[in-house]
Each structure stands twice: as structure tokens, then as C-alpha cells.
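Colleague: The following block contains the structure, expressed as C-alpha cells.
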Amino acid sequence: MTKERAIRKDETVLASSLAELQIVTSSAARNLTLAPTERGLLGFELPAAVRFYQQMMLIRLVEERLLDLFSQGLLFGTTHTSIGQEANAVGVINALDRDRDIVWSNHRCHGHFIAYSGEVEGLIAEIMGRVTGICGGRGGSQHLCFRNFHSNGIQGGIAPVAVGSALARKDEGAVAVVFLGDGTMGEGAVYESLNLASVFAAPVVFVIEDNEIAQTTPKHLTVSGSIVARAEPFGVRTFAYDGNDPIAIYELAQEAVGYVRAESRPCWLYLRTERIGPHSKGDDTRPAERLEQARARDPIPPMRRRVANADEIDAYCLNVVDRAVESAAAAALARG
Amino acid sequence: MRVVESINRALHDLMGADLRLVILGEDVLDPYGGAFKVTKGLSSAYKDRVWTTPISEGGIVGMAAGMAIKGRPVIVELMFGDFIALAADQIINHVAKFRWMYNDQVEVPVIIRAPMGGRRGYGPTHSQSLEKHFCGVPGLTVLATHEYADPGTLLHRAFASRSPHLIIENKVMYSRPVLGPDALPRPADADVVILTYGGCVEHAVAAAKKLAQEEEIATTVVAVEQLSPFPGDEVRSQVGNCTRVVAVEEGSPGWGFASECARALIGRVRHFSALTGPDHPIPSSRDWEDDLLPGVNAIQAACIELFQKG
Ligand SMILES: Cc1ncc(C[n+]2csc(CCOP(=O)(O)OP(=O)(O)O)c2C)c(N)n1
């Protein structure tokens, strides 16, 4: 089993080898080796609960580090963290077949991306504007591309694109997943896409991550009616969940993905969640008690209680992030 | 062969040659075959790959992008070019961006065909030439077909590039015969060069002929096929040593084709003038519309004026 390989921009590597992914060491940082471990980044060999915990921890630590780097003035631009919403990323992405399924994500994409790819260094390097970034420093935080994972920073704009990608790969039994927030329910593209997906029988899972806030705007000011009930009239089946247990989300997502794949029909997967962190950096305008409510639904502590060797996993994840940051920092800045 | 048949034949050829190719558009199915009949016969010949869509211009362009990225090239027909405004986000922020933004890991073989232009009395929202708003968008090639070239070949060329293209067609031109480049007036030592594109070409040609016959002013018509990125070198070489240039376009004044021509010719010509459409919407009244869009008489007058300047 080869553990070291450059995977970025390398179409020849099979997606099925994802299980063996290790952090990519850029040539500039070959001597910064990962602490010895037999465990793959995404923990495919681990039992579900442990694997999900590890993936959530990895996402959490990466994003906390990103905020930290920002506050130190070491990062430019912006970033949207999914702190508090990790269970969605992990639950949904693990229900997919990484060999063929397609993911379209939005501005808040790091969690989805890490759960899909395990490419921690590629992500951090991308956000740090390095040549070793997953898109060579071209895309940054919101514009990632890795195999069948794509994100874009235009609210709702990816919805029809996801429909098209699902149609293109339908013959191979692939499904596409598109992540949308509650605030994005205001975009017309979403409803055109629901209609298109239904009319053309596109195997698309529309995942709605309802954290009840869009940037600074609470849902009740801008979203009318029911988000859960929105898709039914398009003839699109709905799955809904209110909670932050990655295993429950995984099981529901499996059901949703199974339905979409078997029936070649779209579905609407509604997930009520909480954003614990700021919208981007230090721009949380919510009152303290609302934030308290959000923190009370943090998906990580309950999972931590279910995992025997949590300390060991935390240390492992922290080490991965440390190395990834060091390695990314050592790489050359991307420029034309 | 007429322009509409040239494009239609190219669509048939492309559909026959690439079994992954899909055509998307509103009302494209037979027996109707699209509002301008460009897709006629295609849905009968390729039932599974010509899809009539909801009235969702943004949605279908986005859908095309997703299909294309995952291996199914798409040709989208916009019923009227005016409706391209609804697809602006998909074109600018998705179709045109994906390849570069994703570090060349993907390609986006999407062609958007858009019938533009007036002179049919369709009024303010169905007669415009909106292409300038999509020129200068990195990652997007904008072409404008005309009957003095080969519209079908242009489509083939765009398709072969496997990159996003917007092809401007002209509603009036569909019924014109394809004449080919040799029919363009290109006198040896031109007194005036007319730079134009799309639906204005035929008016420029008619004006050039009149200028030669009535005024003995030798006039060359350069019909530009690629609007964006603007082929400055080619335009400069076509203009050659001629010092008088008139740029003609049907769209609204400013920030458009004429401005781009002027930019390409800075320091190269002595006299330059521009003819454009009006700086207000296009009226439905046919006569009024005709007065406003640059036609034979206006082009002829502009050329004479430049000629007289020395
Ligand atoms: C078309 C568009 N409009 C506005 C924005 C700016 N913006 C970025 S994220 C965001 C809020 C999105 O809220 P929501 O859909 O609820 O997702 P969340 O941020 O909660 O994950 C806004 C307004 C954008 N990126 N795209």
C-alpha cells in the first residue's frame, strides 16, 4: 500500500484509493513528515462513530486554525467556517460513493471538502494562497475543486449546475449533492433547479443546512413559509432531520441517497443545524443567549463521549493540522 | 443555402458526430423546431438528446455547465438573445469561470446560441444586441456569425475548442443566403474601411457598393467574427494602411464594439467614427426602429463624411 503520493491535479489516481490518502508533502516541505500513524486521515478502517468523530474533529481543528491564522493577520480574503455544522458534512458525505458521486458546495465548504477528500493541506495551502493549494491558489476558500468535488461562492448558482452534473453521470449510477443554506432559499435559481431536476429526473440530493441565519440576517426576516415543505409541490421527495448527530444524519442521508440513486429522482434533504462560529470572521451579531443555544447543539461533545480514544484522535488531528500549516507555509506563494 | 440551414446542418453534424452532445432550449422540439426554426428536425433525428426545457434561462445554462463539466457537451439555444440577462450569473460566475478557477482541472464545453438584433418590430425587450455585456468576460469567447462567412463552420470551430462560447446570431440574417467571404467588398486601395459584425454586415456591404458606384469611394468591409477576446492584431492587419475607419454596430452607444475598435486602432488611423444603435430602448414601430439602427444610408453618409475630412 503506497502511502505517499502527490494527488493534486493527478487524474490518474483512482478515486478508490482515497482510503489511502495521506497528507501531501510539498517538495519544499519534505522533511516535515507526518507523525507516524497507520490511520488514514478519513479513518475509513475505523468503526462509524470513531470515523465520524475523527472527521468532525479534523474539520473543527482546521477551521479553528483558519480563524486563528486570520486573527494573526496571516491569511487574506475571507473564509466561512462550518463550526457547529460538522455533523452535516460528515453525515452526508460519508453516505456517498466517493468513486462516482458528485458534490457541489457553497461558500461554507471546508467541512464538506475535508469529509470528501481528507485534503487538509491542500485546503489550508489554498486558503494561504500557495502553489500547493488544491486549486493552485486560484480559488481560495470558496472555490475548491478536487475530483468530483466543486464549490462556488455564488448563493444558489451551483444548484442548476448540480442538476446538470447529475444528469451527465446518471448512466453511471452517480448522484450529485448540492449544499444550500436557509438564506439561499431567496434565490430563484434554487426553484428553477428543483423544477429542472424533477422534470428531467435528475438524481440530485438538495441538502438544506438550516442554521437559521444568513450572514447577519435571521431566517424569520427573509425566509417565508416552510423550508421543509418547499420541494414537495415540485414532486420532489423530502427527508428532514432536526439535530446534530452525525450518525443519524448519515443514516438519513443514506436513505436519501439510496432513494435518489434507485429511483433516479431528486430529493430534498432538510437538516436543521447551528452555526456556532461567525459568518466569516468576527462578524457574529447574534445576541449572547442565541449563541448559547447554538453552542448547546455542538455536535462534537456528544460524539466525544461515545469514542473511547478521543484524546488520541484529537492529538492525531491536531498534529495533522500543525503539519499541514507548516507545510503550506513553507510552500511558495501562488502568482502568475 | 440560407444561414438558418447552415447552422441547422452544423447542429445535425455535431449531434451525429458526438453522441454525448445534448441540445437544450425552449420550444426546440419538432414540429416547431425553435422560435427561429434553427433546431428543426433535430428532435426527430436525436430524440433522446434534444430537450425542450422550462422557461428558465439561468437554470438551463447552469444545467448545461454541470453536464459539460461531467462529460456531456451542451449547446443551449436562448429563444431570444434578450433573455441572456437571466443567465448572466451562470455565464459570468459559473460557465466562464470554472476552468480557470478550478486550476484547469475541468473543461466546460458549452455553446450558447443567442439570436440578437432588431429590424423585426419586436420592440424594446426582443430586439436588443446585448453581446457587449458579455464581452471582456475572461474564459468566454463571444462570436458573431454573418452570411459573408460560414455560420456552420463557426459552430464547428466553437465546438471543437471545448470551451465556453457565446454565439450571436441575427434574427434577420437567418433567412439570408450564405455568401461567403469572397463576396465582401475588398478594393485594393480602400479609401475607407468599415469595421462591423453580425446583422450590420449586410448594410455595410450595401453601403460600400453604393459608395463605389455613386461616389467612387473605395470601401472595404471587415466583418469581425470574434468579438471577445477582441482580435486586435487581425483587425489592424485588415485595416492595413487605410487611415479612415468607420465602426458600425447595432447595440447601444459606448463601451461596445466601436470603442474596442478605436482602442485597437489608437495611433493607427487619422479619422475614426462610430455608428451605433440608440441610447434608449428600441421602439416597436418598424419605421422608427429603422431610423434608429445604422442602415445603408447612415453608413454611407458616415463614410462620405470621413472621406471629406481628408
Ligand atoms: C448571490 C450571492 N449573494 C450574496 C452573497 C453574500 N453572502 C455570502 S454567504 C451569505 C449568507 C448565506 O446564508 P445561508 O444561505 O443561510 O448560508 P449560511 O451562510 O448560513 O451557511 C451571503 C448573503 C453571495 N455569496 N452570493
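The values are calculated or read from the model by the stated rules, or taken from the named source; none is laboratory data. Source: prediction; values computed, not measured. Here the Cβ positions follow ideal geometry from the backbone for every residue, glycine too, while neighbour counts run over all protein chains shown.
Colleague: Within the bounds of region B:24-33, is there any residue that is free of Cβ contacts under 8 Å to residues at least 12 places away in the same chain and small (G, A, S)?
Modeller: Going residue by residue through region B:24-33, those that are free of Cβ contacts under 8 Å to residues at least 12 places away in the same chain are B:31-33.
Checking which are small (G, A, S) leaves us with B:33.
Yes, region B:24-33 contains a residue that is free of Cβ contacts under 8 Å to residues at least 12 places away in the same chain and small (G, A, S).
Colleague: For region A:109-213, which fully contained helices (runs of 4 or more DSSP H) count at least 2 residues that are within 16 Å of the ligand (Cβ to nearest atom)? Steps first, answer last, please.
Modeller: Working: elements: A:110-117, A:120-127, A:158-168, A:188-199.
Correct list: A:110-117, A:158-168, A:188-199.
Colleague: Please work out which one of (1) surrounded by 14 or more Cβ atoms within 10 Å (Cβ to Cβ); (2) more than 19 Å from B:E131 (Cβ to Cβ); (3) among the aliphatic types (A, V, I, L, M) is the condition B:I266 fails and give its number.
Modeller: Answer for B:I266: the failing condition is (1).
Table: residues versus (1) within 20 Å of the chain's Cα centre (by Cα); (2) at positive phi.
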{"position": "A:G225", "(1), (2)": "no, yes"}
{"position": "A:E232", "(1), (2)": "no, no"}
{"position": "A:G243", "(1), (2)": "yes, yes"}
{"position": "A:Y250", "(1), (2)": "yes, no"}
{"position": "A:V257", "(1), (2)": "yes, no"}
{"position": "A:A262", "(1), (2)": "no, no"}
{"position": "A:L269", "(1), (2)": "yes, no"}
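Colleague: Could we say that A:G243 is more than 11 Å from the ligand (Cβ to nearest atom) and among the small types (G, A, S) here?
Modeller: On the way: more than 11 Å from the ligand (Cβ to nearest atom): yes; among the small types (G, A, S): yes.
For A:G243, the condition - more than 11 Å from the ligand (Cβ to nearest atom) and among the small types (G, A, S) - is met.
Colleague: Among the residues of region B:55-88, how many are within 13 Å of chain A (Cβ to nearest Cβ) and closer than 18 Å to A:S165 by Cα?
Modeller: 21
Colleague: Ok, one more. Across region A:247-286, which residue is farthest from the ligand (Cβ to nearest atom) among those that are assigned to a strand (DSSP E or B) and more than 14 Å from A:A95 (Cα to Cα)? Write out each step before concluding.
Modeller: Of all residues in region A:247-286, those assigned to a strand (DSSP E or B) come to A:267-272.
Those still in the list that are more than 14 Å from A:A95 (Cα to Cα) too: A:267-268, A:270-272.
Working: A:C267: 19, A:W268: 15, A:Y270: 13, A:L271: 11, A:R272: 12 Å.
The residue in question is A:C267.
Colleague: Out of region A:169-219, which residues are closer than 23 Å to A:L96 by Cβ, within 12 Å of chain B (Cβ to nearest Cβ) and aromatic (F, W, Y)?
Modeller: The answer is A:F200, and nothing else.
Colleague: Check region A:228-240 and report whether any residue there is within 16 Å of the ligand (Cβ to nearest atom) and under 20 Å from A:S82 (Cβ atoms).
Modeller: No, every residue in region A:228-240 fails to be within 16 Å of the ligand (Cβ to nearest atom) and under 20 Å from A:S82 (Cβ atoms).
Colleague: Give region A:49-90 a look and list any residue that's at pLDDT 95 or above, farther than 21 Å from A:F179 by Cβ and small (G, A, S), or say none.
Modeller: The one that is at pLDDT 95 or above, farther than 21 Å from A:F179 by Cβ and small (G, A, S): A:A49.
Colleague: Let me ask something else. Listed residues A:G122, A:G118; which is touching a Cys at 6+ places or on another chain (Cβ under 9 Å), more than 10 Å from chain B (Cβ to nearest Cβ) and buried (at least 24 other Cβ atoms within 10 Å of the Cβ)? If you could, list the steps in order and put the result at the bottom.
Modeller: Numbers: A:G118 fails: touching a Cys at 6+ places or on another chain (Cβ under 9 Å).
The unique qualifying residue is A:G122.
Colleague: Can you find even one residue in region A:149-156 that is buried (at least 24 other Cβ atoms within 10 Å of the Cβ), more than 13 Å from chain B (Cβ to nearest Cβ), in contact with a Leu (Cβ under 7 Å, 6 or more places away or on another chain) and polar (S, T, N, Q)?
Modeller: No, there is no match, as no residue in region A:149-156 is buried (at least 24 other Cβ atoms within 10 Å of the Cβ), more than 13 Å from chain B (Cβ to nearest Cβ), in contact with a Leu (Cβ under 7 Å, 6 or more places away or on another chain) and polar (S, T, N, Q).
Colleague: Scan (1) more than 10 Å from the chain's Cα centre (by Cα); (2) in contact (Cβ under 8 Å) with a residue 24 or more places away in the chain for the single condition A:H110 breaks and write down its number.
Modeller: (1)
Colleague: From (1) without any contact (Cβ under 8 Å) to a residue 60 or more places away in the chain; (2) among the polar types (S, T, N, Q); (3) assigned to a loop (DSSP other than H, G, I, E, B), pick out the condition that doesn't hold for B:S284.
Modeller: (1)
Colleague: Restricting attention to region B:98-112, which residues are closer than 14 Å to B:G71 by Cβ, buried (at least 17 other Cβ atoms within 10 Å of the Cβ) and facing chain A (nearest Cβ under 7 Å)?
Modeller: B:Q105
For every residue, the table says whether it meets (1) surrounded by 18 or more Cβ atoms within 10 Å (Cβ to Cβ); (2) within 21 Å of B:W100 (Cα to Cα).
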site: B:E131; (1), (2): yes, no
site: B:G139; (1), (2): no, yes
site: B:L143; (1), (2): yes, yes
site: B:E147; (1), (2): yes, no
site: B:A158; (1), (2): yes, yes
site: B:R162; (1), (2): no, yes
site: B:N170; (1), (2): yes, no
site: B:Y174; (1), (2): yes, no
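Colleague: Quick check on my filter: what residues within region A:268-323 are charged (D, E, K, R) and in contact with a strand residue (DSSP E or B) (Cβ under 8 Å, 6 or more places away or on another chain)? Walk me through it before giving the result.
Modeller: From region A:268-323, those charged (D, E, K, R) are A:272, A:274-275, A:281, A:283-284, A:286, A:289-290, A:292, A:295, A:297-298, A:304-306, A:311-312, A:314, A:322-323; that's our starting set.
Across region A:268-323, the qualifying residues are A:R272, A:R275, A:R286.
Colleague: While we're here: Pick from region A:92-107 the residues that are outside any loop (DSSP other than H, G, I, E, B) and either within 16 Å of the ligand (Cβ to nearest atom) or under 8 Å from the mean Cα position of the chain (by Cα) (or both): which of them is surrounded by the most Cβ atoms within 10 Å (Cβ to Cβ)? Walk me through it before giving the result.
Modeller: At the first step, the residues of region A:92-107 found to be outside any loop (DSSP other than H, G, I, E, B) are A:92-94, A:102-105.
From what's left, either within 16 Å of the ligand (Cβ to nearest atom) or under 8 Å from the mean Cα position of the chain (by Cα) (or both): A:92-93, A:103-105.
Working: A:V92: 29, A:I93: 27, A:V103: 32, A:W104: 29, A:S105: 27.
Applying the filter and picking the extreme gives A:V103.
Colleague: Now for a different question. Inspect all residues belonging to region B:36-51 and state whether any of them is surrounded by fewer than 20 Cβ atoms within 10 Å (Cβ to Cβ), within 14 Å of another protein chain (Cβ to nearest Cβ), in contact with a Ser or Thr (Cβ under 8 Å, 6 or more places away or on another chain) and part of a strand (DSSP E or B).
Modeller: no
Colleague: Pull out all pairs, ordered by first then second residue, where Cβ-Cβ is under 8 Å, the residues are six or more apart or on different chains, the first lies in region A:69-81 and is in contact (Cβ under 8 Å) with a residue 60 or more places away in the chain and assigned to a helix (DSSP H, G or I), and the second is away from the ligand (no atom under 11 Å from the Cβ) and aliphatic (A, V, I, L, M).
Modeller: Hits for this filter: A:L69/A:L75; A:L69/A:M128; A:L69/A:V325.
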